[in-house]
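Enquirer: Sharing a structure with you now.
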Amino acid sequence: MSVLDTTAAWVGRVLDVLPPEAARFLSLPVLFAVVCLGAVLLWKRVLPPLVRLAVWLTGCGLTLAGAVLLLAEMGAASCFRQAGRKPPAAAYHLGDAVASWVAGFATRSEGLRTGSARIARVPWGVIVGFAAAYFWLWNYRHCPDGAAAGCVRPVGSWLAWVSETADSDG
């Protein structure tokens with residue numbers, strides 16, 4: 001079951017407080033409005049903090065991994081020193097590489113943080129357009145090409161019901 005199927009079921013349960021004819025008439029427009037509103041809220045309010053959180057968690061993880069590698073390098077170097085020998089150059093190169101790797105990520109992560117601010121500045125129309133495309137794709141996938149003849153897509157079913165209701169009223 002897709003996210004939109006779950007959302008459609010939820011919208012149906014919410015609209016059950018209305019008379020059945022009104023609930024059926026409003027089901028698809030309300031579902032579309034919920035999808036568009038949800039997409040805008042997700043894109044503008046939820047995604048930027050999630051990107052910042054992911055960058056922060058990745059930075060913490062890389063710093064911890066770097067610290068563990070440097071600790072291992074320091075332990076190996078101290079074993080060599082206790083034995084009265086000079087540590088191999090590879091140990092120093094490893095330490096330099098790890099330190100530059102962690103520092104490089106910290107520098108580049110600033111660009112990712114500003115990218116999260118750019119995400120929030122995407123125009124609403126673009127987000128609604130993507131939500132409409134997702135809605136269309138959801139409708140289309142209900143009955144893929146070559147499906148059984150009795151398969152009816154949600155929008156087609158709703159439009160047929162609306163036109164049938166309009167014809168019976170007129």
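The values are calculated or read from the model by the stated rules, or taken from the named source; none is laboratory data. Everything numeric here is computed off the predicted structure, so don't read it as measured data. A quick note on method: Cβ atoms are made from the backbone with ideal geometry, for glycine too, and the neighbour counts reach across all protein chains shown. Only protein heavy atoms, including side chains, enter the accessible area calculation; ligands, DNA and RNA are left aside. Shrake-Rupley method; radii C 1.70, N 1.55, O 1.52, S 1.80 Å.
Enquirer: With (1) touching a Lys or Arg at 6+ places or on another chain (Cβ under 6 Å); (2) open to solvent by 50 Å² or more (accessible area, probe 1.4 Å) as the list, and residue 107 as the residue in question, which single condition is left unmet?
Expert: Here residue 107 meets the rest and fails (1).
Enquirer: Do the conditions hold for residue 7, that is, is it open to solvent by 50 Å² or more (accessible area, probe 1.4 Å) and not in a loop (DSSP other than H, G, I, E, B)?
Expert: no
Enquirer: Filter the stretch 44-93 down to residues that are assigned to a helix (DSSP H, G or I) and of a type in the set (Lys, Arg) and give me whichever is least open to solvent (accessible area, probe 1.4 Å).
Expert: This residue is 44.
Enquirer: Scan the stretch 11-25 residue by residue and report those that are open to solvent by 60 Å² or more (accessible area, probe 1.4 Å), without any contact (Cβ under 8 Å) to a residue 24 or more places away in the chain and not in a loop (DSSP other than H, G, I, E, B).
Expert: Of everything in the stretch 11-25, those that are open to solvent by 60 Å² or more (accessible area, probe 1.4 Å), without any contact (Cβ under 8 Å) to a residue 24 or more places away in the chain and not in a loop (DSSP other than H, G, I, E, B) turn out to be 13, 14, 20.
Enquirer: If I ask for residues that are open to solvent by 60 Å² or more (accessible area, probe 1.4 Å) and touching a helix residue (DSSP H, G or I) at 6+ places or on another chain (Cβ under 8 Å), which ones from the stretch 27-43 would you list?
Expert: Result: 32, 43.
Enquirer: Any residue that is open to solvent by less than 80 Å² (accessible area, probe 1.4 Å) and of a type in the set (Ser, Thr, Tyr) - is there at least one of those in the stretch 124-138?
Expert: No, the stretch 124-138 contains no residue that is open to solvent by less than 80 Å² (accessible area, probe 1.4 Å) and of a type in the set (Ser, Thr, Tyr).
Enquirer: While we're here: Give the stretch 110-151 a look and list any residue that's among the hydrophobic types (A, V, I, L, M, F, W, C) and assigned to a loop (DSSP other than H, G, I, E, B), or say none.
Expert: 122, 143, 147, 148, 149, 151
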